[in-house]
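In what follows, a structure is listed as structure tokens, so that the remarks can point back to it.
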Amino acid sequence: MIIIIGLVLILIGLWKKNIISSVLSLLFMLWMITIVPHNVYSNNDYAAYLMAYQNPDGVSMEPGFIHMLKILYSIGLSFDQARWTILCMGTIIFWFMFCWISKSWSLVLIGYLFSTFFIDQVQLRNTIMWAFIFIGICILLKRGTSKINVLLFLAFVFVAGSIQSSGYLYVLIVIFSKFFVESNTGNKPTFIGGLKSFFITLFLYYVGYYVLTPILHIVQEFLPIHFVEGYLGSGAKGGGQVDGLGLVIYPIQLAIIVSVFVLLVREYEKYSNQELRLNIKVLNGITKFNYFLVPLIAVNFNFFRLLRNEWILLVLLLVYLNKYRSKPGYLSITTFWCSLAVVFSGLWWSSGLVYTNIVNPTITEIVSYIIQN
């Protein structure tokens, strides 16, 4: 039943892109939040958040997040109810911003559902942090980088950083948007730009791995307290540095993601003679921010989630490029290949969660019903 409802809503969203299909998609995702099991990942996230909820003063998490947990606890919610509340709040924020920044709400919601949505069900702090950052980014994309908009963005960064400290890094988007923006990027060959971005990303990653990491080890030796030691462990994809085959696979994955973002921004900039709705300076600033993240990801793979958060922006760009296509049913070669990269990467991340917690249980339920009847 879940699969059928989901497919019907997707078809409605693709066929009729209006507020009704958008609300239906939102309600479907909110419903999914309450039925997806809490142990969708075989890790300690759920246990850590449960401990923080039961003993907020005994854990070392950011004060904003702890304060949020205390408020939910004080009104009598169980942990799972508090968790659902946090996730629903984040999803509703995304929805409101989609409605404000794009008229093709359902397409964006569908892209979110099949990319990072299920991962967001586990990583509570990152999800709500990114929701607040997303508000600030949408303000910059829609209204530009005037003083008042920058101040609003910084306010949301402050709130987000109090929930997960890595959110403070997003303040660099304003700096890159103001001072490190390429000029006339839309006139440069798209393929060359993507190729350049791909190899720059690989270069930055291996510089971070082989140069920045040893430097941080040396810095740690001169510090009287722990500072970066916990970030320098190796042997795990989820935290520390990747090694072995991952040292080849994951840098290539990063290079593809960063290059896709660059290619979509350049493709979007080609339509500067039409009605543009997203600020090009801010988009270029985000691409520079992504380059900044790459060596950090090389030092500790946990920083990858900051780049993964931007999957929503990739979906937004694809929706806009679909609108500006020159012929019905036509997509440029760049947009086509970038669309495939976004779709397959999103499905790769979500597939284990979707199949394990939705498809398999549903099929099992159907088979049991048939056998019993």
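How many nm separate the modelled label positions at D80 and I215, each set 7 Å beyond the Cα in the direction of the Cβ?
Result for the modelled spin labels: 4.9 nm.
What is the distance, in nm, between label points placed 7 Å from the Cα along the Cα-to-Cβ direction at M51 and at L30?
3.3
With a point put 7 Å past each Cα toward its Cβ, work out how far Y168 is from I71 in nm, to one decimal.
The two pseudo-label positions are separated by 2.2 nm.
Which of the pairs K147/K270; K103/K288; K147/K281; K196/K270; K142/K196 have their Cα atoms more than 22 Å apart in this structure?
Details: K147/K270 27 Å; K103/K288 27 Å; K147/K281 15 Å; K196/K270 19 Å; K142/K196 28 Å.
Correct reply: K147/K270; K103/K288; K142/K196.
Please give the FRET efficiency for K147 paired with F96, using the beta carbon to beta carbon distance and R0 = 25 Å, rounded to the nearest 0.05.
0.55
Would you kindly state how much longer the chain becomes between I192 and V207 on full extension, computed as 0.36 nm times their sequence separation minus their alpha carbon distance, in nm to one decimal?
Taking 0.36 nm per residue and subtracting the Cα distance, the gain is 3.2 nm.
For Y271 and V59, compute 0.36 nm times the residue count separating them, minus their Cα-Cα distance, and round to one decimal in nm.
Values: separation 212, 0.36 × 212 = 76.32 nm, distance 5.00 nm.
Additional length available on full extension: 71.3 nm.
For a protection proxy built on the mean count of beta-carbon atoms within 10 angstrom, sort 280-287, 92-99 highest first, please.
280-287, 92-99
Show me the ranking of peptides 65-71, 110-116, 247-253, 262-268 by mean Cβ neighbours inside 10 Å, starting with the highest.
With the highest mean Cβ count within 10 Å placed first, the list reads 262-268, 110-116, 65-71, 247-253.
Taken together, the values in this text are just the output of simple stated rules run on the coordinates, not laboratory data. What you are looking at is a predicted structure, and each value in this text was computed from that prediction instead of being measured. Every residue, glycine as well, gets a Cβ built from its backbone with ideal geometry; the counts of neighbours run over all protein chains shown.
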